[in-house]
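For reference, the structure discussed in these notes is given below.
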Amino acid sequence: DYDSAGLSVTDGEGGIIRVRVAGKVNELKAAWNSREAGSCGIAHTRWATHGPATEANAHPHTAGRVHVVHNGIIENYRSLREATPKAGATFHSQTDTEVI
């Protein structure tokens, strides 16, 4: 059973709106509220494998205009996570997805 949900949707003006919740799709729908629907988007439900069920750990994860969702486990994420800050990256969650 999933523990968090999120989506990123284009806003029609060149931007992207991201909404994430630690909870079910009904909670995501309530958080989305009455925002306009865009023409393109991605959504994800998460079952925590790395990091607890929090809004920060919910997908999509972002880096600038890149929004990423991921299913599965990145087995070597710890070594990648240790090496990545040397390349200038910062992390905002406790998930393995952010190393992508």
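The values are calculated or read from the model by the stated rules, or taken from the named source; none is laboratory data. The shown structure was predicted, so the numbers you read here are calculated from the model rather than taken from an experiment. In this analysis, Cβ positions are derived from the backbone assuming ideal geometry, glycine residues included, and neighbour counts consider all displayed protein chains.
Quick check on the stretch 1-50: of everything there that is modelled with pLDDT under 85 and aliphatic (A, V, I, L, M), which residue is surrounded by the fewest Cβ atoms within 10 Å (Cβ to Cβ)? Ranking the qualifying residues of the stretch 1-50, first place goes to ALA37.
Does GLU82 meet the test of being assigned to a loop (DSSP other than H, G, I, E, B) and over 19 Å from ARG18 (Cα atoms)? Spelling it out, it is not the case that GLU82 is assigned to a loop (DSSP other than H, G, I, E, B) and over 19 Å from ARG18 (Cα atoms). How many residues does the stretch 51-74 hold that are of a type outside the set (Gly, Ala, Ser), under 13 Å from the mean Cα position of the chain (by Cα) and surrounded by 14 or more Cβ atoms within 10 Å (Cβ to Cβ)? The total comes to 11.
Residues checked against (1) free of Cβ contacts under 8 Å to residues at least 12 places away in the same chain; (2) among the acidic types (Asp, Glu); (3) farther than 14 Å from ASP1 by Cβ:
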{"residue": "VAL21", "(1), (2), (3)": "no, no, yes"}
{"residue": "LYS29", "(1), (2), (3)": "yes, no, yes"}
{"residue": "SER34", "(1), (2), (3)": "yes, no, yes"}
{"residue": "ALA37", "(1), (2), (3)": "no, no, yes"}
{"residue": "CYS40", "(1), (2), (3)": "no, no, yes"}
{"residue": "HIS44", "(1), (2), (3)": "no, no, yes"}
{"residue": "TRP47", "(1), (2), (3)": "no, no, no"}
{"residue": "ALA53", "(1), (2), (3)": "no, no, no"}
{"residue": "ALA56", "(1), (2), (3)": "no, no, yes"}
